[in-house]
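The values are calculated or read from the model by the stated rules, or taken from the named source; none is laboratory data. These numbers come from a predicted model, not from an experiment. When we count neighbours, we look across all protein chains shown, and the Cβ atoms used for this are built from the backbone with ideal geometry, even at glycine.
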Amino acid sequence: MFHQRFKTDDDCLEYLSGVKWENGFSCKRCNNDKYCVGKKPFNRRCTKCRYEESPTSGTMFDKVKFSILKTFHIAFKISTKKKGMSSLELSNEFGLRQKTCWEFKWKLQQAMASSLQYPLTGTVHIDECYIGGPEEQKRGRSKGDKKLVVLVLEIVDSGVGRAYAEVIEHSSAKELGAFLRRYVSKDAKIISDEWLGYTPLKTEFTKLEQVASDDGKNFKDIHIHIMNIKSWLRGIHHHCSKERIQGYLDEYHFRYNRRQKMGVIFDMLIKRMVKNDPIRLLSKD
């Protein structure tokens, strides 16, 4: 279906145009809502000030170094393949430099970050772990730095629901509380281990319950989730730097939380890339 929809750059630009102006055109310079066709088929030119805008301008596709068709193919692969793809795999498949793929993948990961609009509800388990290693694009072996990561996982009747993860500096009540406020409803029943950092949070999260970990036996589902993330990083990407870990966590959970919506996950990602502002790549890792 994807390959039938997007065969040329024009197919992609037409789709981006529909997404970008789905609520109508408004000139960025004068706010006029009338337009005509620009120099290129899917550009729109303001009839008042004559400012011309392309479907990629002001989006995360702006100034991409390769064809828009390849960006769609890469976005499709990363969003729909169960384990995604490494920059090396993308480089081999699409004939691009690995660093170019690595940089575009970073853009995709930014678009995959949680919108923070749908906090977890019901029963939620929380735990921390250490994740990390050398950067994906760098060759050779290096110990690298591991980062502390906190995770939350919904426990539902059918098994497990959604999950989120975030890099934190310390497992303090301040940082754990900030994380819970971003990702978990205050009405949720939160279950943690007996770490003291969670104890002060019971005043705000009144349904927070602390239980003994018992070597992970009381948190089996979230420990499996953590092991799956680590296996994915080792198996697909081999390693990632401390500056990039959050991007990989966002990528993993974007797919994980939409595993029942794989038929539309690509469209959801493209819409995010159109609605988000252009980003600047990390200049130094």
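Somewhere in segment 82-92, is a residue over 18 Å from the mean Cα position of the chain (by Cα), more than 30 Å from V152 (Cβ to Cβ) and assigned to a loop (DSSP other than H, G, I, E, B)?
Within segment 82-92, not a single residue is over 18 Å from the mean Cα position of the chain (by Cα), more than 30 Å from V152 (Cβ to Cβ) and assigned to a loop (DSSP other than H, G, I, E, B).
Which residues, taken from segment 243-260, are buried (at least 21 other Cβ atoms within 10 Å of the Cβ) and either among the β-branched types (V, I, T) or outside any helix (DSSP H, G or I) (or both)?
Hits for segment 243-260 are R244, I245.
Collect the residues in segment 147-202 that are modelled with pLDDT under 95, part of a strand (DSSP E or B) and charged (D, E, K, R), keeping them in residue-number order.
Scanning segment 147-202 gives a single hit, K147.
Yes/no matrix, rows are residues, columns are (1) touching a helix residue (DSSP H, G or I) at 6+ places or on another chain (Cβ under 8 Å); (2) surrounded by fewer than 14 Cβ atoms within 10 Å (Cβ to Cβ); (3) assigned by TED's automatic domain parsing to the domain that holds L90; (4) within 19 Å of A165 (Cα to Cα):
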position	(1), (2), (3), (4)
Y198	yes, no, no, yes
F205	yes, no, no, yes
S213	yes, no, no, no
K220	no, yes, no, yes
M227	no, yes, no, yes
G235	no, yes, no, no
S241	no, no, no, yes
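Can you name every residue in segment 42-65 that is more than 30 Å from the chain's Cα centre (by Cα) and at positive phi?
R50
Of these, K63, K40, which one is of a type outside the set (F, W, Y) and under 21 Å from A111 (Cα atoms)?
K63
Look through segment 1-54, keep the residues that are part of a loop (DSSP other than H, G, I, E, B) and of a type in the set (V, I, T), and return whichever of them is nearest to A75 (Cα to Cα).
Here the residue is T8.
Name every residue in segment 26-41 that is over 28 Å from the mean Cα position of the chain (by Cα) and touching a residue at least 12 places away in the same chain (Cβ under 8 Å), in order of residue number.
Scanning segment 26-41 gives C27, R29, C30, N32, K34, Y35, G38, K39, K40, P41.
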